[in-house]
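No value in this document is a laboratory result; all are computed from the given coordinates. All values derive from a computational prediction rather than experimental measurement. Note that each Cβ is placed from the backbone with ideal geometry, even for glycine, and that neighbours are counted across all protein chains shown.
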Amino acid sequence: MTPDQVRARMEEAALTLRMLPDRERAYLAPLRSFWPASPQFEQDEQFAVRVQQIAQAIDLAPDPPPKIRVADPKAIERMEECWQWLRLIPNPKRRVIVWLRSAHLPVKRVSRIVKLDRRMIWVHHKAGLKEIADALNVVARSP
């Protein structure tokens, strides 16, 4: 395997993880709609009536079909395999960098998390992918 192939598989694993249901997100989503209604003033009554009419028109419009993304069982198996690949990287900080960059987290945010500058993030990411590829190639060659 090449580092580019490893990177592609890690990115697929991160995308698969996003497709899996998140119980915490499902729990918190309905709570966002409990914000109090904004106050309406007498001078803005016409505006409030117009907003209500628009809201009713939107409610009467047909709902678009829901976007349901379901992760393929084989993709889940490949994701779990990629998690095992992360153990092939001896440096724990480098493991974190490889996973976060595979999940397309911005370099600036990754640098804040691991407390390294952007150039070192890039170096560790490339080195981590190479370590995984080298270890997988050694395992593939052994009888």
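Each peptide among 121-128, 13-20 gets the average number of other Cβ atoms lying within 10 Å of its residues, and from highest to lowest they stand as 121-128, 13-20. In this calculation the C-beta distance from K108 to K130 is compared with R0 = 22 Å, giving a FRET efficiency of 0.40.
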